[in-house]
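The values are calculated or read from the model by the stated rules, or taken from the named source; none is laboratory data. Remember, it's a predicted structure, so these values are computed and weren't measured experimentally. Note that each Cβ is placed from the backbone with ideal geometry, even for glycine, and that neighbours are counted across all protein chains shown. We work out accessible area using only protein heavy atoms, side chains counted, and drop any ligands, DNA or RNA first. Shrake-Rupley method; radii C 1.70, N 1.55, O 1.52, S 1.80 Å.
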Amino acid sequence: MATLATLIDGKAIAADVRAEVKKGVAALKAEHGITVGLATVLVGDDPASHKYVSMKRKACAEAGIESFHHQLGADATQDQVLGLVRDLGADDRVHGILVQLPLPKQVDEKTVLDAVPLSKDVDGFHPLNIGALAMKGRDPEFRPCTPHGCIELLKRSGTEISGANAVVLGRSNIVGMPVALMLVEQNATVTICHSRTKNTPDLIREADILIAAIGRAHFVKGDWIKQGATVIDVGTNVIDDPSRKSGKRLVGDVDFDAAKERAGKITPVPGGVGPMTIAMLLQNTLRAAKKGVPSG
Ligand code: NAP
């Protein structure tokens, strides 16, 4: 009988990261009198964005990080958003700036993200940060939170990355591409699959590590998984489930029940990658504040 995969507990690993950050935040205050600060910028009234920002602010409070929240209306102009981001860039109390996406259509996301100073780009989305990630020997100022969370899950679950065959399903700017670059950095041999890839199941069958990030419920079938592989499921998809009170359920991109019969380790959805994103944001904010400490 096949043994079931070990569950990678994202909640527990994220709690460890958050406890480490809390310690670092307290030490920075005690040794250098620096209060770590994160600014959050929310434009409009998208309920999901409100929820994400409030979760991030709550996590900041728990870690001892001061958060400075700025709310602009759904009709805010590009100049208003840009002006705010520039002010925050010049504010010494603010070590990291988080602009919650998506922005309303009249505001150009690219222009706004480019205005976040590199030293405060705790989301890690600035092209120079992604560029540094792609270059050998360049340490980016910050690594994007969700992809970095995936790498931490691999490392802290004891998965050998160096020399492993890794398949990344998805090539988005925020997950697929940066996680692929980080896996290369960790000496994995990486294949990226996307919507034009012809033989995705066969490629996944060779993967010691699979990172699935396409946003399609249960796309990856159990028999695509290599025996003993580590599976990190980034996907968050809402499907109908009449057995639930809400009538809905959150599932990943991988058919979890079938995949766990073959994988060695696997993340659940929810409770896998999700909690890591906020933990890595806090870690980046601490890193940003530490850069302000005079050396020597
Ligand atoms: P995205 O920007 O929509 O990108 C999706 C990617 O999947 C694209 O590269 C697309 O390929 C590829 N794709 C779509 N259909 C495919 C198919 N049939 N076969 C192979 N590749 C296919 O999505 P994203 O922002 O990266 O997010 C992906 C998923 O992760 C979503 O479910 C999202 O909710 C979730 N997510 C979770 C977290 C978290 O847990 N904290 C954070 C971010 C995202 P092309 O490039 O060829 O179009």
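For Val167, the test of being within 22 Å of Asn129 (Cα to Cα) and of a type in the set (A, V, I, L, M) is failed.
The residues of region 119-130 that are at pLDDT 95 or above and open to solvent by 30 Å² or more (accessible area, probe 1.4 Å) amount to a single one, Ser119. The sole residue among Ala27, Ala12 that is outside any strand (DSSP E or B), open to solvent by less than 60 Å² (accessible area, probe 1.4 Å), free of Cβ contacts under 8 Å to residues at least 60 places away in the same chain and under 29 Å from Thr159 (Cα atoms) is Ala12.
Within the bounds of region 240-247, is there any residue that is in contact with a Ser or Thr (Cβ under 9 Å, 6 or more places away or on another chain), open to solvent by 30 Å² or more (accessible area, probe 1.4 Å) and of a type outside the set (Ser, Thr, Tyr)? No - not one qualifying residue is present in region 240-247.
Here is a check on your reading of the model: is Val184 more than 14 Å from the ligand (Cβ to nearest atom) and either open to solvent by less than 90 Å² (accessible area, probe 1.4 Å) or of a type in the set (Lys, Arg) (or both)? So Val184 passes the test. Only residues that are within 16 Å of the ligand (Cβ to nearest atom) and either acidic (Asp, Glu) or without any contact (Cβ under 8 Å) to a residue 12 or more places away in the chain (or both) were counted across region 124-174, and they come to 1. Can you confirm whether region 272-289 contains a residue that is part of a loop (DSSP other than H, G, I, E, B), at pLDDT below 95 and in contact with a helix residue (DSSP H, G or I) (Cβ under 6 Å, 6 or more places away or on another chain)? No, the conditions are met nowhere in region 272-289. Looking across region 1-34, the residues that are modelled with pLDDT of 95 or more, among the hydrophobic types (A, V, I, L, M, F, W, C) and more than 22 Å from Thr146 (Cα to Cα) come down to Ala5, Ala26, Ala27, Leu28, Ala30, Ile34.
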